[in-house]
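*Asks:* Got a structure here, written out as structure tokens. Questions coming.
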2 protein chains.
Amino acid sequence: MIYLNGQFLPLADARISPLDRGFLFGDGVYEFIPVYHGKAFLLIEHLQRLTRSLEAINMKDVLTAKQWADIIHTLCAQDPAPAQGIYLQITRGAGPNRQHAYGAQDLTPTVFAMAITLHLLSDMERKTGLSAITTPDTRWENCYIKSINLLPNILAAQQAYTRDACEAILLDNGYVTEGSSSNVFIVKNNMLITAPKSQGILWGITREFILQLAQEKNITCLEKPISESDLQNSDEIWITSSGREIIPITKLNEKIIGTGIPGPIWQQVENHYQYSKEKFLS
Amino acid sequence: MIYLNGQFLPLADARISPLDRGFLFGDGVYEFIPVYHGKAFLLIEHLQRLTRSLEAINMKDVLTAKQWADIIHTLCAQDPAPAQGIYLQITRGAGPNRQHAYGAQDLTPTVFAMAITLHLLSDMERKTGLSAITTPDTRWENCYIKSINLLPNILAAQQAYTRDACEAILLDNGYVTEGSSSNVFIVKNNMLITAPKSQGILWGITREFILQLAQEKNITCLEKPISESDLQNSDEIWITSSGREIIPITKLNEKIIGTGIPGPIWQQVENHYQYSKEKFLS
């Protein structure tokens with residue numbers, strides 16, 4: 001069962017018009033909110049970012065936080081999985097024809113949401129870490145907008161897939177921006193480093209939360225540019241997102257990173273992340 | 001009536017799944033083919049570009065030229081308008097879930113097509129010309145792929161709309177790339193100039209055709225970078241596309257270009273364009 005424009009219905013009954021501007025132009029935005037044991041994690045932060053994304057493409061909020069909470073509750077109640085995520089997408093809606101400018105039309109936005117079961121790190125992956133590759137960042141200038149224009153991200157993610165990696169880390173003129181669907185952290189000399197916020201990267205909710213957790217643990221955090229060589233020579237690499245939490249990367253482009261197993265700073269922040277989740281749930 | 005996945009059906013009955021990768025990611029490409037009195041113009045060129053776009057996103061052709069010709073014929077036969085266009089879009093199809101990488105899945109592409117009535121230049125517009133604005137080009141690096149990731153194009157076109165202009169001309173680091181849905185030509189000292197082909201612009205079928213027409217009329221044609229000041233100080237500006245043919249721009253950012261009316265080189269190439277169309281139809 002999914003949510004579409006005010007109704008809960010089976011996916012097979014859900015109809016998007018071919019004239020939906022989401023389908024014709026990618027004219028819409030999305031969010032992905034982790035839900036643990038039925039409780040949405042960092043919901044307000046996600047909804048605030050949704051508002052910012054909508055504003056950036058000249059759209060307004062369509063539902064209140066209470067309405068979203070109710071939708072999330074209904075969708076997640078179907079499945080007892082301890083870790084789920086809510087994917088939600090809002091497009092500008094279907095116009096009477098296909099024209100780039102929406103002009104002065106008062107279109108009704110399309111609102112879609114569905115629950116997805118999360119597959120978090122396995123015990124084996126916690127021991128070995130995962131692989132990533134690097135690839136050029138070909139995306140547009142406004143990746144801080146969480147838009148559904150994701151073709152470059154897809155092509156990068158597919159490259160990772162074909163090379164048995166879990167993520168493609170994007171390099172813009174030799175500097176790390178982020179992953180195809182994650183933010184990137186490195187550890188060097190016990191300092192935690194991530195690229196500074198800019199219009200060119202998504203302002204990850206999990207990224208922000210991790211910076212806060214690390215500070216609580218007195219880990220030095222720097223938001224500064226990470227060069228390709230910084231990345232290759234780092235002691236630890238993590239990729240982070242709301243759907244995958246904190247993934248330790250132990251191989252980059254088939255080469256071992258650090259000691260080749262998830263590092264101590266990852267372990268420390270990961271423990272604190274899980275502890276904070278437990279506290280949130282209790 | 002529209003075409004969707006092998007069937008002709010009323011738009012209201014056409015259903016796209018919310019899991020269609022076109023809707024979730026903009027994972028697809030499109031073409032727009034002008035059809036005059038039922039005959040598709042430069043069809044082979046458009047289908048060749050479609051193949052190139054599909055290849056660039058790791059997809060294959062889904063229909064033969066003959067199949068496309070039949071679809072175009074059926075869709076256009078509904079409406080006696082002398083000038084129509086066929087919009088066609090192919091997406092990677094709907095997967096079982098939402099994951100960036102499509103992996104090794106053998107998805108069935110979604111194929112959508114519809115006829116659109118063209119509104120070509122009115123007699124008045126031929127006398128006065130139209131207005132355009134300039135705005136920064138924020139798009140990704142591979143605009144030669146005619147993909148449906150069009151959010152930056154939409155935001156630029158909407159800016160043009162709000163300023164009573166028919167097009168937004170995009171500037172990348174001070175140089176003209178193209179319009180939000182057109183290529184751009186200028187005339188300076190009787191020479192016709194357009195930006196060279198690169199990965200950053202669409203390789204317009206109409207752009208190519210116009211270069212050929214101008215050469216037939218012994219007009220000097222240059223494919224070279226056009227700076228913002230070249231644009232502002234040009235004698236003529238045109239925007240060109242398959243759906244709008246050749247539009248003379250006589251105001252840029254509210255300032256008059258050239259003599260303020262469509263120029264003599266535009267008139268010459270426009271006449272030859274219409275003559276070539278007539279010849280094609282006869």
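*Asks:* Averaged over its residues, how many other protein chain Cβ atoms are within 10 Å of peptide B:100-110's Cβ atoms?
*Replies:* Other-chain Cβ atoms within 10 Å of each residue's Cβ, averaged: 4.
*Asks:* What's the buried accessible area, both sides, between B and A using a 1.4 Å probe, rounded to 100 Å²?
*Replies:* So the total buried area for this chain pair works out to about 4600 Å².
*Asks:* Tell me, which residues of segment A:120-145 get at least 30 Å² less accessible area when the other protein chains come in, versus the chain alone (1.4 Å probe)?
*Replies:* The answer is A:T138, A:W140, A:E141 - residues whose exposure falls by at least 30 Å² when every protein chain is included.
*Asks:* Using θ = phi - 60° and the Karplus curve 6.51 cos²θ - 1.76 cosθ + 1.60, what whole-Hz ³J(HN,Hα) does each residue of segment B:34-50 get, with Gly and Pro shown as x?
*Replies:* Here the 3J(HN,Hα) series is x, 10, 9, 6, x, 9, 6, 9, 6, 4, 4, 4, 5, 5, 5, 5, 4 Hz.
*Asks:* Any idea of the accessible area per residue across segment A:173-241, 1.4 Å probe, to the nearest Å²?
*Replies:* 41 Å²
*Asks:* Using a 1.4 Å probe, what is the accessible area per residue for segment B:23-112, in Å²?
*Replies:* 40 Å²
*Asks:* Please give the solvent-accessible surface of B:M124 in Å², to the nearest 10, using a probe radius of 1.4 Å with every protein chain present.
*Replies:* Result for B:M124: roughly 130 Å² accessible.
*Asks:* Separation of segment B:25-59 and segment B:74-124 by C-alpha centroid, Å?
*Replies:* One Cα centre to the other: 9 Å.
*Asks:* If you don't mind, there's one more thing I want to ask. Could you tell me how many degrees, from 0 to 90 and to the nearest 10, lie between the Cα long axis of helix B:264-281 and the main elongation axis, the longest principal axis, of the Cα atoms of chain B?
*Replies:* The angle comes out near 40 degrees.
*Asks:* Still on this structure, please answer the following. If you place +1 on the Cβ of every Lys and Arg, -1 on the Cβ of every Asp and Glu, and leave all else neutral, what size is the dipole of segment A:1-144 about its Cα centre, to the nearest 20 Debye?
*Replies:* Value, rounded to 20: 40 debye.
*Asks:* Evaluate the charge dipole of chain B about its Cα centre and quote only its size in Debye, nearest 20, assuming +1 on the Cβ of each Lys and Arg and -1 on the Cβ of each Asp and Glu.
*Replies:* I would put it at about 220 debye.
*Asks:* Let me ask something else about it. Could you order the peptides B:52-60, B:178-186 from most to least packed, using the average number of other C-beta atoms within 10 Å per residue?
*Replies:* In decreasing order of mean packing, B:52-60, B:178-186 become B:178-186, B:52-60.
*Asks:* Between copies, how far does the label point of A:G6 sit from its twins, in nm, shortest first, when each point is 7 Å from Cα along Cα→Cβ?
*Replies:* The projected label point of A:G6 is separated from its counterparts by 3.5 nm.
*Asks:* Taking a cut-off of 16 Å between Cα atoms, list the lysines near B:K224, but don't count ones fewer than 8 places away on the same chain.
*Replies:* Partners within reach: B:K188, B:K197.
*Asks:* Using a 1.4 angstrom probe on heavy atoms only, work out the carbon and sulfur share of the accessible area of segment A:126-282 in %.
*Replies:* Carbon and sulfur: 49 percent of the exposed surface of segment A:126-282.
*Asks:* Separate question: Length gain on complete extension for the stretch A:E228 to A:K255, per 0.36 nm per residue less the alpha carbon to alpha carbon distance?
*Replies:* 8.4 nm
*Asks:* Same structure again: Which residues belonging to segment A:148-168 lose at least 50 Å² of 1.4 Å-probe accessible area when the assembly is complete, relative to their chain isolated?
*Replies:* A:N149, A:L151, A:I154, A:L155, A:Q158, A:Y161
*Asks:* Same structure, new question: Per residue of segment A:90-104, what does 6.51 cos²θ - 1.76 cosθ + 1.60 with θ = phi - 60° give for ³J(HN,Hα)? Whole Hz please, x for Gly and Pro, Karplus curve as stated.
*Replies:* 10, 10, 6, x, 9, x, x, 8, 9, 9, 4, 6, 8, x, 9
*Asks:* Which whole-Hz couplings ³J(HN,Hα) result when phi for each residue of segment A:125-139 is put into the Karplus expression 6.51 cos²θ - 1.76 cosθ + 1.60, θ = phi - 60°, listed in order with x for Gly and Pro?
*Replies:* 5, 5, 8, 9, x, 10, 9, 9, 10, 10, 7, x, 7, 9, 6
*Asks:* Oh, and also: Given points 7 Å out from each Cα along the Cα-Cβ axis, report the B:Q78 to B:N97 separation in nanometres with one decimal.
*Replies:* 3.8 nm
*Asks:* Turning to a different aspect of this structure: Amide H to amide H under 5 Å from B:N253: which residues, 5+ apart in sequence or cross-chain, H placed 1.01 Å off N in plane?
*Replies:* B:A132, B:I133, B:T134
*Asks:* Arrange the peptides A:96-105, A:134-143, B:149-158 so that the one whose residues have, on average, the most other Cβ atoms within 10 Å appears first.
*Replies:* B:149-158, A:134-143, A:96-105
*Asks:* Now for a separate question. With r as the distance between the Cβ atoms of B:D164 and B:T138 and R0 = 30 Å, compute the FRET efficiency 1/(1 + (r/R0)^6) and round to 0.05.
*Replies:* Given R0 = 30 Å and the Cβ-Cβ separation, E is 0.85.
*Asks:* Specify which residue in the list B:H73, B:S227, B:Q274 is farthest towards the positive end of the charge dipole of the protein assembly as shown, using unit charges on the beta carbon of Lys, Arg (+1) and Asp, Glu (-1), about the Cα centre.
*Replies:* B:H73
*Asks:* Here is a follow-up. So if we plug the beta-carbon distance of A:Q212 and B:N173 into 1/(1 + (r/R0)^6) with R0 = 45 Å, what FRET efficiency do we get, rounded to 0.05?
*Replies:* Between A:Q212 and B:N173 the formula returns 0.75.
*Asks:* If amide H atoms are built 1.01 Å from N in the plane of the peptide, which residues on other chains or at least 5 residues away come under 5 Å of the amide H of A:L222?
*Replies:* Residues meeting the criterion, in which the H sits 1.01 Å from N, are A:L192, A:I193, A:T194.
*Asks:* Amide H to amide H under 5 Å from B:D172: which residues, 5+ apart in sequence or cross-chain, H placed 1.01 Å off N in plane?
*Replies:* It is B:D137, B:T177, by chain and number.
*Asks:* How far apart are the A:I44 label points across copies, placing each 7 Å from Cα toward Cβ, in nm, shortest first?
*Replies:* Label point to label point, same position, other copies: 6.5 nm.
*Asks:* Moving on. Between the helical axis of B:151-162 and the dominant principal axis of chain B, each derived from Cα atoms, what acute angle in degrees is found, rounded to the nearest 10?
*Replies:* 50 degrees
*Asks:* For chain A, calculate the relative contact order in percent as a whole number, restricting contacts to Cα pairs under 8 Å that are 6 or more residues apart.
*Replies:* Relative contact order, chain A: 18 percent.
*Asks:* Compare each residue of segment A:14-57 in its chain alone against the assembly with all protein chains, and report those whose accessible area goes down by 30 Å² or more; 1.4 Å probe, heavy atoms.
*Replies:* SASA drop of 30 Å² or more in segment A:14-57: A:A14, A:R15, A:I16, A:P18, A:L19, A:F23, A:L24, A:F25.
*Asks:* Angle between the Cα long axis of helix B:65-76 and the longest principal axis of chain B, 0 to 90 degrees, nearest 10?
*Replies:* Compared with the principal axis, the helix lies near 80 degrees.
*Asks:* Additional query: How many partner chain Cβ atoms sit within 10 Å of a residue's Cβ in peptide B:111-118, on average, as a whole number?
*Replies:* Mean number of neighbouring Cβ atoms from other chains: 2.
The values are calculated or read from the model by the stated rules, or taken from the named source; none is laboratory data. Note that the coordinates shown come from a computational prediction; the quantities given were computed from them, not determined experimentally. When we count neighbours, we look across all protein chains shown, and the Cβ atoms used for this are built from the backbone with ideal geometry, even at glycine. Ligands, DNA and RNA are stripped out before the accessible areas are found, and what is left, the full protein with its side chains, is counted by its heavy atoms. Shrake-Rupley method; radii C 1.70, N 1.55, O 1.52, S 1.80 Å.
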